[in-house]
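The block underneath contains the structure these notes are about, expressed in structure tokens.
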Amino acid sequence: MDFVKKEVEEYAKLYTSNEPELLKELAEFTETNMPMAQMLTGKIEGRLLKMLVALTGAKTVLEIGMFTGYSALSMAEALPEDGQLITCDIDEEVAKLAKDYFSRSPHGSKISIELAPALETLSNLNQTFDLAFLDADKENYVEYYQAIIPKLKSNGLLVIDNCLWSGKVLEPKAESDIAIHKVNQLIVTDSRVENVVLTVRDGINLVRKH
């Protein structure tokens, strides 16, 4: 299911502020060489993530699901010099690629990678965050959500990707469909937060902790 016509999506890209050349290179490399290139955050969502970090004044960011590092670098752009972004992933080969791009960016020093199952990393983190971005294995979205919310500061923002899952949440059948639908149900009834679901790309759930 396409939520926006391809031509409209391309128009939106054209009239969205450009990302740095390094991010363009990373996007092109990912699209050309990675078998799961559709996992790339991309220009529109990447610029949105940067803007959300800037608007919230975030100094600490948590990311669950790094892939090739496009989203991490996008958010790190808006962090102050003493800002910190912790990104979690389990793919060592992809992490090597991301590290290479981080090392070439003036913002890469703000990013640290935790190579371990994210739920394990979350249980060991003894700090809170201003903003979190969740874009990892969908089957564990409920567990990730429950682990992230206590780590968010009051008025902190959680950004959840793929919350519409190509429309499969309308009639969820597969495990991933059901998990995403469940987390959407949980969020809208959770008294700790307020949220809005956006039809940007594959759906973004913006969740603000009270």
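What the table shows:
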item	result
Yes/no for VAL61 being outside any strand (DSSP E or B), under 14 Å from the mean Cα position of the chain (by Cα) and at pLDDT 95 or above	no
Filtered residue count, region 89-114, keeping only those that are buried (at least 23 other Cβ atoms within 10 Å of the Cβ) and under 20 Å from ILE148 (Cα atoms)	2
Answer residue from region 37-63, given it is within 18 Å of GLN84 (Cα to Cα) and among the charged types (D, E, K, R) and is surrounded by the most Cβ atoms within 10 Å (Cβ to Cβ) among those	GLU63
Residue, surrounded by the fewest Cβ atoms within 10 Å (Cβ to Cβ), within region 124-171, restricted to residues that are modelled with pLDDT of 95 or more and of a type in the set (Ser, Thr, Tyr)	SER154
Of all residues in region 188-208 being within 17 Å of the chain's Cα centre (by Cα) and of a type in the set (D, E, K, R), the one that is farthest from VAL169 (Cα to Cα)	ARG208
Close pairs (6 angstrom Cβ cut-off, 6 or more residues apart or separate chains): among the polar types (S, T, N, Q) in region 17-29, part of a helix (DSSP H, G or I) anywhere	SER17/ARG47
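To keep it simple, each residue is scored yes or no on (1) at pLDDT 95 or above; (2) in contact with a Leu (Cβ under 7 Å, 6 or more places away or on another chain).
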| site | (1), (2) |
| --- | --- |
| LYS173 | yes, no |
| SER176 | yes, no |
| ALA179 | yes, no |
| ASN184 | yes, no |
| VAL188 | yes, no |
| VAL193 | yes, no |
| VAL196 | yes, yes |
| THR199 | no, yes |
| ASP202 | no, yes |
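Rundown of residues vs (1) among the basic types (Lys, Arg); (2) surrounded by 12 or more Cβ atoms within 10 Å (Cβ to Cβ); (3) part of a helix (DSSP H, G or I); (4) in contact with a His (Cβ under 9 Å, 6 or more places away or on another chain), yes/no style:
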| site | (1), (2), (3), (4) |
| --- | --- |
| PHE3 | no, yes, no, no |
| GLU9 | no, yes, yes, no |
| ALA12 | no, yes, yes, no |
| ASN18 | no, no, no, no |
| LEU22 | no, yes, yes, no |
| GLU25 | no, yes, yes, no |
| THR30 | no, yes, yes, no |
| PRO35 | no, no, no, no |
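The values are calculated or read from the model by the stated rules, or taken from the named source; none is laboratory data. Computed from a predicted model, the values in this text were never measured in an experiment. All Cβ positions, even for glycine, are placed from backbone atoms using ideal geometry, and neighbour counts span all protein chains on display.
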